[in-house]
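Participant: First the structure, then my questions, so here it is.
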Amino acid sequence: MNGLSVAYGEKTAVADLTATIASGELVALLGPSGCGKSTTLLAVAGLLNSSAGSVRFDGRIMNEIPTEQRDVGMVFQQYSLYPHMTVYDNIAFPLTMKKWPKSDIRRRVDELAELLRIGELLARRPDRLSGGQQQRAAIARALAKRPKLLLMDEPFSHLDSSLRLELREEFRFLQQRFGITTLFVTHDQEEALSLSDRIMVMADGRMLQYDTPEQVYHRPSSRRAAEIAGHPPMNFLEAEGQPWTLGARAEDWLMADGDTALVRGRIAVIEKTGKDTLLKVRAPSALLRVYASAEWPVAVGQEIGLQIRPGRAHWFDSRTGSRLEAGPELSELRWTGA
Amino acid sequence: MRGTNENMWIKGFSKPTGRWAGLLLDIFVCALGAAMLFPFLWMAAISLRPGDQTMSPQLLSSFPLEWSNYRTVWETLPLLRYFENSLLVMATSVLFGTIVTICAAFAFTHFSFYGRKILLAALLGTLMIPEQLLLIPNYMTVAGLGWTDRYAALAVPWMTNAFAVFYLVQVFSAVPREYRFAARADGAKPSAFLWKVVVPLCKPSILTLALLKSIANWNAYLWPLIVTNSKEMRTLPVGLLAFSTEAGTSYELLMAMSVILVVPMVFLYFIVQKHLVQAVPSAENLKNES
């Protein structure tokens, strides 16, 4: 993608996006709803016309090539199978369109059905399948013609959580085994972080960061990117008259004594989520979300002093929101409110 | 939504659950059905009466029934020829008409082209023109083409109409865009997408349209009367004319002919009926089936 823009009438949905996906990579388009990630996906597929810029596959400019000839496979969140066809006919559809001989189609469909473990479901109609089975069949159909590029729009979002995890892992295994270059859209930061080789973080039609999950998580390029990737959302402390905003993720805090504490606050809520305990700490003009270690003696209403783990503080320009490489010495800061 | 009697209840209404409410509703439905059926029953009854008792207020005034009325009709008119004509005209007009309508509706919903909105509005505008107003211009066109007294004159002018196109435009726009996206990615050209995905998905609605068109075409009276001169080219409904002359109307024969006219449509309805009920909440069907 080179300077890709997509406009609807006056409104620009995606602006000036430039990125390269290496062959065999799994790339997540991550961002809040309405940020232009689906639009980007459709533009790559050729289903939406770009108003500027170009899309290249293997160096070849694809702008004028219709979707039918782009050699892409697509999976959607819902309506992903043709409801009037059996699973077999669905998977066979792209091959029928290519006028493959029947015996070759059968061989390919059987092979895919086995890989995606839907062998017994081939004669069924989509409405007789569970959500997970439907998505498996949809992935099989998208892979049937061995496309150059697989495009998926929230493929796992409709599934319940255990099924989602299972199918995600299986898909990752298949994707790596066959080296399927994949671009997928998700609003789920955990899915993006756990599944992909690289993440394209998007907001308001712009790409904020395009990097490995580690970099996106540990070195967010801007305050906005930090908000999008990571849950619970990063805590931010802004100080009046200072050029920086300080950010720290919920798991990057230590308990600290009066003198060394960066922030002092009162515990407002304690949320126990299995192995973790999440505290909401009311500090002057900020509500902090902090994961508590097991040994912290915590109770609602209790006062607590907190300090950021060494090396885990993020500094952002308070005006532009972009990442700053360094900030003031943490131990010399005392937070008293904005 | 297959083969259950939920199909019988229109979207937005659920079948009342209470025992008495259910019974009342059943009675209401039966009464309505009886009111609808009564004219047909009356028609059938008159067709079995002797000629001098057609105005009798009793349903069946005399026994035995006059089955001979049907023989008289059969002997008066070349019924087989009429039936052939009706069937041929209906089949070609419905078949080609449906195909043309599908193509037109698909063009309106799936392509953007210059003047699309204006054309659609113009098409809708023609809905406001009463059909009677079109009789003379259509006749002049057909006569100009030298089609009078030929099958083309009977079938071609009524192949498409604005309502059918408009209805299918609505149905086709309810098809989720994901199907189009997936089909294009799967390498389907627009024509393959139309015939392999859109048409099978919208089959109930298309069948409904075809049935309505069939009935309208089968019952058409005025147009065939105007464009045909010879007896060989007339259709069944025009045959009714034979029993209503200046010398008076033979109601018993007129009704017998009407029965002959109605029966094939009843059969046609029974054949496609099970596909029709599904057409009522068509967009909802799409959702449930995905």
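The values are calculated or read from the model by the stated rules, or taken from the named source; none is laboratory data. On a predicted model such as this, the values are computed, not experimentally measured, just so you know. A quick note on method: Cβ atoms are made from the backbone with ideal geometry, for glycine too, and the neighbour counts reach across all protein chains shown. Only protein heavy atoms, including side chains, enter the accessible area calculation; ligands, DNA and RNA are left aside. Shrake-Rupley method; radii C 1.70, N 1.55, O 1.52, S 1.80 Å.
Participant: From B:Ala256, B:Ala247, which residue is of a type outside the set (D, E, K, R), at pLDDT 75 or above and either open to solvent by 60 Å² or more (accessible area, probe 1.4 Å) or touching a helix residue (DSSP H, G or I) at 6+ places or on another chain (Cβ under 6 Å) (or both)?
Facilitator: Going through B:Ala256, B:Ala247 in turn, just one is of a type outside the set (D, E, K, R), at pLDDT 75 or above and either open to solvent by 60 Å² or more (accessible area, probe 1.4 Å) or touching a helix residue (DSSP H, G or I) at 6+ places or on another chain (Cβ under 6 Å) (or both): B:Ala256.
Participant: With more than 14 Å from every other protein chain (Cβ to nearest Cβ) and either among the hydroxyl-bearing types (Ser, Thr, Tyr) or surrounded by fewer than 20 Cβ atoms within 10 Å (Cβ to Cβ) (or both) as the only criterion, which of B:Asn217, B:Asn229 stands out?
Facilitator: Within the list B:Asn217, B:Asn229, the selection yields B:Asn229.
Participant: Run A:Asp127 past the list (1) within 12 Å of another protein chain (Cβ to nearest Cβ); (2) closer than 30 Å to A:Lys99 by Cβ; (3) out of contact with any Asp or Glu (no Cβ under 6 Å at 6 or more places or on another chain) and report the number of the one that doesn't hold.
Facilitator: The number of the failed condition is (3).
Participant: Being touching a residue at least 40 places away in the same chain (Cβ under 8 Å) and more than 14 Å from every other protein chain (Cβ to nearest Cβ): is that true of B:Lys203 here?
Facilitator: So B:Lys203 does not fit the description; no.
Participant: Within the set of pairs 6+ apart or on separate chains, which have a first residue in segment A:144-173 that is more than 14 Å from every other protein chain (Cβ to nearest Cβ), a second that is acidic (Asp, Glu), and C-beta atoms under 9 Å apart?
Facilitator: Close Cβ pairs (under 9 Å, with a partner that is acidic (Asp, Glu)) amount to A:Phe156/A:Asp188; A:Phe156/A:Glu191; A:Leu159/A:Glu166; A:Arg164/A:Asp188; A:Arg164/A:Glu191; A:Arg168/A:Glu191.
Participant: Got a sec? Which strands (runs of 3 or more DSSP E) wholly within segment A:193-290 have at least 1 residues that are more than 30 Å from A:Ala52 (Cα to Cα) and out of contact with any Phe, Trp or Tyr (no Cβ under 6 Å at 6 or more places or on another chain)?
Facilitator: Output list reads A:235-238, A:244-248, A:253-255, A:263-273, A:276-283.
Participant: Criterion first (farther than 19 Å from B:Ala182 by Cα and open to solvent by 10 Å² or more (accessible area, probe 1.4 Å)) does A:Arg172 satisfy it?
Facilitator: Considered against the rule, which asks whether it is farther than 19 Å from B:Ala182 by Cα and open to solvent by 10 Å² or more (accessible area, probe 1.4 Å), A:Arg172 comes out as yes.
Participant: Assess whether A:Arg206 counts as being surrounded by fewer than 20 Cβ atoms within 10 Å (Cβ to Cβ) and either over 23 Å from A:Thr86 (Cβ atoms) or not assigned by TED's automatic domain parsing to the domain that holds A:Thr20 (or both).
Facilitator: Judged against the criteria, A:Arg206 is a match.
Participant: Looking at the structure I just gave you, is A:Gly305 surrounded by 16 or more Cβ atoms within 10 Å (Cβ to Cβ) and either at pLDDT below 80 or not assigned by TED's automatic domain parsing to the domain that holds A:Asp252 (or both)?
Facilitator: no
Participant: Scan segment A:119-157 residue by residue and report those that are assigned to a loop (DSSP other than H, G, I, E, B) and buried (at least 17 other Cβ atoms within 10 Å of the Cβ).
Facilitator: A:Leu122, A:Arg125, A:Leu129, A:Ala144, A:Lys145, A:Pro147, A:Glu154, A:Pro155, A:Phe156
Participant: Check A:Leu306, A:Leu246, A:Leu279 and return the single one that is farther than 22 Å from A:Glu332 by Cα and not hydroxyl-bearing (Ser, Thr, Tyr).
Facilitator: Just a single option satisfies the conditions, and that option is A:Leu279.
Participant: Is it the case that B:Phe181 is part of a helix (DSSP H, G or I) and either of a type in the set (Val, Ile, Thr) or open to solvent by 70 Å² or more (accessible area, probe 1.4 Å) (or both)?
Facilitator: It is false that B:Phe181 is part of a helix (DSSP H, G or I) and either of a type in the set (Val, Ile, Thr) or open to solvent by 70 Å² or more (accessible area, probe 1.4 Å) (or both).
Participant: While we're looking at this one, here's another question. For segment A:245-265, does any single residue satisfy the condition of being modelled with pLDDT of 85 or more, more than 21 Å from A:Pro32 (Cβ to Cβ) and open to solvent by 40 Å² or more (accessible area, probe 1.4 Å)?
Facilitator: Yes; the residues of segment A:245-265 include at least one that is modelled with pLDDT of 85 or more, more than 21 Å from A:Pro32 (Cβ to Cβ) and open to solvent by 40 Å² or more (accessible area, probe 1.4 Å).
Participant: While we're on this one: Hey, B:Pro190 hits all of (1) within 24 Å of A:Lys98 (Cβ to Cβ); (2) away from chain A (no Cβ under 14 Å) but one; which does it fall short on?
Facilitator: Only one criterion is unmet by B:Pro190, namely (2).
Participant: I'd like the full set of residues that are within 32 Å of the chain's Cα centre (by Cα) and within 10 Å of another protein chain (Cβ to nearest Cβ), limited to segment A:93-113.
Facilitator: A:Phe93, A:Pro94, A:Leu95
Participant: Just give me the residues in segment B:107-153 being surrounded by 10 or more Cβ atoms within 10 Å (Cβ to Cβ), outside any helix (DSSP H, G or I) and hydroxyl-bearing (Ser, Thr, Tyr), in sequence order.
Facilitator: B:Thr148
Participant: OK, next. Across segment B:158-178, which residue is nearest to the other protein chains (Cβ to nearest Cβ) among those that are within 23 Å of the chain's Cα centre (by Cα) and open to solvent by 40 Å² or more (accessible area, probe 1.4 Å)?
Facilitator: The residue in question is B:Gln170.
Participant: Helices (runs of 4 or more DSSP H) wholly in segment A:24-118 with at least 2 residues that are basic (Lys, Arg) and open to solvent by 10 Å² or more (accessible area, probe 1.4 Å) - which ones?
Facilitator: In segment A:24-118, A:102-115 are the helices (runs of 4 or more DSSP H) which contain 2 or more residues that are basic (Lys, Arg) and open to solvent by 10 Å² or more (accessible area, probe 1.4 Å).
Participant: Next up: Inspect all residues belonging to segment A:51-67 and state whether any of them is among the acidic types (Asp, Glu), without any contact (Cβ under 8 Å) to a residue 24 or more places away in the chain, more than 8 Å from every other protein chain (Cβ to nearest Cβ) and closer than 23 Å to A:Gln135 by Cβ.
Facilitator: no
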